[in-house]
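Working notes, beginning with the structure itself.
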Ligand SMILES: Nc1ncnc2c1ncn2[C@@H]1O[C@H](COP(=O)(O)OP(=O)(O)OP(=O)(O)O)[C@@H](O)[C@H]1O
Ligand SMILES: [Mg+2]
């Protein structure tokens, strides 16, 4: 709807009337939009008439809100499917408190009023009740002294209020009024509350809160309030906390475009004072004399036109006397049920049986129910959608939690790992594990050395065997020349002098005379040994790995160095670098060089030893000139 039209409606609604039905002259009759009272005995058609009018009203005034307080045990407006939360405003004024408690106890509370004034010093009913309860308990348990009569009064207040507070302090009761466009139904029927007096007091609290909030908030301009069961809010003989707000709503509401439609079965139990400003009355049938009288008097006092008792008593279902105090008109009108065709309505207005409308009424009720079913589907869809969203949010939350959890686990793990490592370090320090590790490495190196030595000794043994064979050939008579293996120490080398000595020993202890021994034997042996040993060295030098040759050449130049320096040189490391020298370095470089007599390793210090070794080992067999040439020749093999 455009703004202009809304403005037009705002100004013009007072002139716009809601189609009501047909009069006996078959003329269309409309209802002015003012505060209105529906009164008719049970079953006369108030609820159906009200619903029909409300549906037509909504079509005519879509920018108005409709708020219905649905208070009957068997709900009248559930089929509109527009329930909203109950609203509640605290009522802690002593007079309100007294009026609130009267329907609960079903009697006047004047006797208790002094105590109520004394106790009504908190902002909420809950606090007031809890404070009274505490006093009662304290007095009962002897902590404080309260006079018997006073304590009795407190007990009554505590008992009465406790029940009410239990109803108020429920999560579905909110402190504000939330109105949607179109219909809003506040269900205060409370089928679960069995005590009717308590239920009445609670319903009054809700109705009062609604009236106060509706009237005080400019947001709720253009609202039509529907308040059934008027005797509940506005009883004739009892005080009620709703009376005052209702009266105010009726007198002030219209200027703010806030209208109330009231209804009830009878007028005798209703306080007429608040209804003085209700100028439109829709009066249906009454059977009881007092009721007829009351209805007639009320109607006549408004219009000064006379409606007779008989007219009220003989009204048929759905037929009402429509009294318009503003236009001073009174006429008998048949209220057209929503969806009933004009012709049928006119027939009934002329006097036909209202039964004629039944099929249309059923269809209308069916359609309402059906629309509720459709709406229910929508509601379920909405619920489904809401649940789906909640599920997605939950999944997101779970994902976040999982991520956080995993992150946390990782952190904890890392922390634990760090701590464990620190602990290991500590233990290492304490137990000097690194020292053990170094020792193990050294032992491994030594083991490798020993293996090399053993190997070499075995080779030396083989040489000795060869010598033995040669000797056998040279001196076939010397059968006993044998060198038992176990007699040979496992040594890296054996000197020629030793061999000589042993041979001489054997020869001298042999059985046969050995005259020819003096022949140049010594020289020949020497030649043999020299060639054999030098050949072996040549073979070994040739077989050296390239890395060992490189190391040998460097050492040949340097003449001496320690193993660390050699290692750093070989692997292009800074000369001062420290750290473990791997066993493979010994195996592939140091040991083969030693084996080839090129170097001697003395506790990590290496020196070029070829010459010295040759001299030491072969001094018997090498001439001075040999001693000069042979090392050069052997060194040249490294190139
Ligand atoms: N205008 C009408 N024309 C024909 N039949 C009607 C009309 N209004 C109501 N009725 C019939 O009367 C029955 C009762 O009507 P309704 O429930 O509106 O009465 P009521 O006045 O609200 O009664 P109560 O005071 O007990 O709530 C309806 O179910 C319907 O069958
Ligand atoms: Mg009804």
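What follows draws every value from the coordinates through simple rules; no lab data is involved. Owing to the predicted nature of the structure, the values given are computational and were not obtained by experimental measurement. Neighbour counts run over all protein chains shown; Cβ positions are idealised from the backbone, glycine included.
Shape analysis of the chain places it in the prolate category; the axes a ≥ b ≥ c from the Cα gyration tensor give an a/c of at least 1.5, with a/b above b/c.
Length gained on full extension, residue 290 to residue 268: 7.2 nm, using 0.36 nm per residue less the C-alpha separation.
Using a simple spin-label model with pseudo-atoms 7 Å out from Cα toward Cβ, residue 352 and residue 24 lie 1.9 nm apart. Round to the nearest 10 and give me the degree value, 0 to 90, for the angle of helix 148-168's Cα axis relative to the longest principal axis of the chain. So the helix axis and the longest Cα principal axis differ by about 70 degrees. If you plug the beta carbon distance of residue 546 and residue 450 into 1/(1 + (r/R0)^6) with R0 = 35 Å, you get a FRET efficiency near 0.85. Spin-label model, residue 169 to residue 111: label points 7 Å out along the Cα-to-beta-carbon direction sit 2.8 nm apart. Quick check: the distance between the Cα centres of the stretch 182-244 and the stretch 548-584, to the nearest angstrom? Cα centroid to Cα centroid, the span is 105 Å.
Gain on full extension, evaluated as 0.36 nm per residue between residue 535 and residue 47 minus their Cα-Cα distance, stands at 162.5 nm.
By how many degrees, 0 to 90 and rounded to 10, does the Cα axis of helix 289-303 deviate from the longest principal axis of the chain? With rounding to tens, the tilt is 90 degrees.
Between residue 415 and residue 145, the modelled label-to-label distance comes to 6.2 nm, taking each label 7 Å out from Cα in the direction of the beta carbon. The helix-based estimate of mean residue ellipticity at 222 nm for the chain, built from -39,500 (n - 2.57) per DSSP H run of four or more residues and divided by its residue count, is -18000 deg cm²/dmol to the nearest 500. Sorting 214, 639, 528, 634 from the fewest to the most surrounding beta carbons within 10 angstrom yields 639, 528, 634, 214. Reported to the nearest whole Å, the Cα centre-to-centre distance from the stretch 101-121 to the stretch 33-96 is 31. With R₀ set to 60 Å, the beta-carbon distance separating residue 570 from residue 134 gives a calculated FRET efficiency near 0.05. The alpha carbon centroids of the stretch 600-639 and the stretch 260-336 are separated by 145 Å.
Going from the residue with the fewest nearby Cβ atoms within 10 Å to the one with the most, 226, 630 rank 630, 226. In the chain, Cα pairs under 8 Å separated by at least six residues give a relative contact order of 14 percent. Fewest-first ordering of 147, 133 by other beta carbons within 10 Å of each residue's beta carbon gives 147, 133. How high is the FRET efficiency from residue 193 to residue 256, r the C-beta distance, R0 45 Å, rounded to 0.05? That gives a FRET efficiency of 0.85. Rounded to the nearest 10 degrees, the inclination of helix 546-558 to the longest alpha-carbon principal axis of the chain is 60 degrees.
Segment residue 624..residue 381, full-extension length gain: 76.0 nm, with 0.36 nm per residue of separation and the alpha-carbon distance subtracted.
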